[in-house]
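The values are calculated or read from the model by the stated rules, or taken from the named source; none is laboratory data. Remember, predicted model here, so these are calculated numbers, not experimental data. Here Cβ is always computed from backbone atoms with ideal geometry, including for glycine, and neighbour counts include all displayed protein chains.
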Amino acid sequence: MKIGFIGLGNMGAPMALNLLKAGHALNVFDLSEAAVRALVEAGAQAAGSPKAAASDVECVITMLPAAAHVRSVLSADDGVLAGIARGVPIIDSSTIDPVSVKACAELAAQHGNPFVDAPVSGGTGGAAAGTLTFMVGGSASAYEQVKPVLLAMGKNIVHCGDTGTGQVAKICNNLVLGISMAGVAEAMALGEALGIDTKVLGGIINTSTGRCWSSDTYNPMPGVIDTAPAARGYSGGFGTDLMLKDLGLATDAARGARQPVYLGALAQQLYQTMSTNGAGRLDFSAVIKLYRREGAADAASDKGDKGDKGGAR
């Protein structure tokens with residue numbers, strides 16, 4: 001297929017590369033010239049605007065930081081809807097709120113285009129390996145139409161229900177992730193303060209009832225998991241500011257549904273503290289800095305390190 005791909009951040013770029021590896025032709029657009037150039041070197045064609053990226057293609061994929069970017073990319077004078085042909089499906093893999101998804105889907109429908117929300121889980125590692133989970137919201141027919149494309153980028157493709165339910169699944173998943181990471185950070189820092197070898201403690205947790213993804217794959221304590229962002233100064237992962245954004249989406253949605261999220265609200269405050277201290281670009285597992293002897297004030301010491309600018313995990 002010929003596909004338009006818009007948004008080449010830390011998630012979008014490897015997703016686009018996997019589409020190329022699967023034999024698809026890509027028109028790519030991003031505000032970063034370097035990101036576009038890297039994809040062109042891999043075989044993609046550069047587009048000068050979202051409109052150009054969406055012209056003469058069989059599918060359009062967007063992977064953007066926030067709802068405002070998705071709306072703009074769709075509806076601007078040089079946006080996707082100005083260039084796309086009727087009937088061509090639009091896949092939005094950004095993490096945004098369900099209300100915005102429905103508004104974007106309505107815009108697409110008015111133009112005659114199927115629209116699905118398909119946020120992802122699996123992080124930058126899953127994006128590079130092509131093992132992402134896609135949580136898809138949309139009609140059954142639209143889901144079947146886009147599933148072959150998603151399979152080139154992911155291993156687990158789940159139809160969650162109508163438009164917006166993919167985002168519901170994503171924000172609920174990341175609510176758990178933000179809470180569990182804070183819990184693991186708290187426990188690991190306590191163990192360190194009480195004198196146990198943290199690698200030993202990590203091994204015990206990962207073979208006991210405390211085991212979770214935040215402990216066995218992404219452990220926040222340096223020296224426990226060699227491949228985790230903690231082993232590289234909390235760089236190159238899922239940024240604290242992005243986790244803060246996702247928790248904000250969850251708490252806002254909970255407020256609208258009049259549903260309590262006690263731990264989610266507390267976790268949001270922890271990541272807000274990190275961001276306020278200047279550490280928003282560090283991987284979200286750096287929340288352990290609030291608990292360790294180095295203290296919250298030192299959380300900003302590595303603030304130049306970059307987390308993911310393209311969406312979770």
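Of note:
- Contact map, region 133-152: residues that are hydroxyl-bearing (Ser, Thr, Tyr) paired with residues that are at pLDDT 95 or above, Cβ distance under 6 Å, separation 6+ or inter-chain. Pairs shown: Thr133/Asn156; Tyr143/Val136; Tyr143/His159.
- Test: residue in region 125-141 that is under 13 Å from Gly4 (Cα atoms) and among the hydrophobic types (A, V, I, L, M, F, W, C): no
- Taken across region 81-91, residues that are out of contact with any Lys or Arg (no Cβ under 7 Å at 6 or more places or on another chain) and in a helix (DSSP H, G or I) do occur, with at least one present.
- Residue within region 99-117 that is buried (at least 24 other Cβ atoms within 10 Å of the Cβ), more than 24 Å from Ser55 (Cα to Cα) and of a type outside the set (Gly, Ala, Ser) present: no
- Unique match (being closer than 22 Å to Ser121 by Cβ, out of contact with any Gly (no Cβ under 6 Å at 6 or more places or on another chain) and modelled with pLDDT of 95 or more) among Tyr271, Tyr262: Tyr271
- Residue in region 173-186 that is in contact with a Lys or Arg (Cβ under 7 Å, 6 or more places away or on another chain) and either free of Cβ contacts under 8 Å to residues at least 12 places away in the same chain or on the phi > 0 side of the Ramachandran plot (or both) present: no
- Residue among Gly191, Gly195, Gly178 that alone is of a type outside the set (S, T, N, Q), farther than 15 Å from Phe284 by Cα, out of contact with any strand residue (DSSP E or B) (no Cβ under 7 Å at 6 or more places or on another chain) and surrounded by 17 or more Cβ atoms within 10 Å (Cβ to Cβ): Gly191
- Selected residue [touching a residue at least 60 places away in the same chain (Cβ under 8 Å) and over 24 Å from Ile225 (Cα atoms)] from Thr124, Thr163: Thr163
- Val57, sole failed condition from (1) closer than 28 Å to Lys21 by Cβ; (2) part of a helix (DSSP H, G or I); (3) touching a residue at least 40 places away in the same chain (Cβ under 8 Å): (2)
- Flag for Arg255 being touching a helix residue (DSSP H, G or I) at 6+ places or on another chain (Cβ under 9 Å) and either surrounded by fewer than 18 Cβ atoms within 10 Å (Cβ to Cβ) or free of Cβ contacts under 8 Å to residues at least 60 places away in the same chain (or both): no
- Of everything listed in (1) surrounded by 17 or more Cβ atoms within 10 Å (Cβ to Cβ); (2) in contact with a strand residue (DSSP E or B) (Cβ under 8 Å, 6 or more places away or on another chain), the single unmet condition for Gly79 is (2).
- Per-region count, region 274-313, residues outside any loop (DSSP other than H, G, I, E, B), modelled with pLDDT under 70 and among the hydrophobic types (A, V, I, L, M, F, W, C): 4
- Tally, over region 9-28, of residues that are outside any strand (DSSP E or B) and either touching a Gly at 6+ places or on another chain (Cβ under 6 Å) or closer than 17 Å to Lys51 by Cβ (or both): 6
- Look at (1) part of a helix (DSSP H, G or I); (2) farther than 14 Å from Phe29 by Cα; (3) touching a strand residue (DSSP E or B) at 6+ places or on another chain (Cβ under 6 Å) and you find that Val116 fails only one, number (1).
- Positions within region 60-76 being buried (at least 23 other Cβ atoms within 10 Å of the Cβ) and part of a loop (DSSP other than H, G, I, E, B), in sequence order: Met63, Leu64
- Filtering region 37-48 to residues that are within 18 Å of Asp78 (Cα to Cα) and either touching a helix residue (DSSP H, G or I) at 6+ places or on another chain (Cβ under 8 Å) or aliphatic (A, V, I, L, M) (or both) leaves Ala46, Ala47.
- Count - residues of region 125-149 that are small (Gly, Ala, Ser) and outside any helix (DSSP H, G or I): 4
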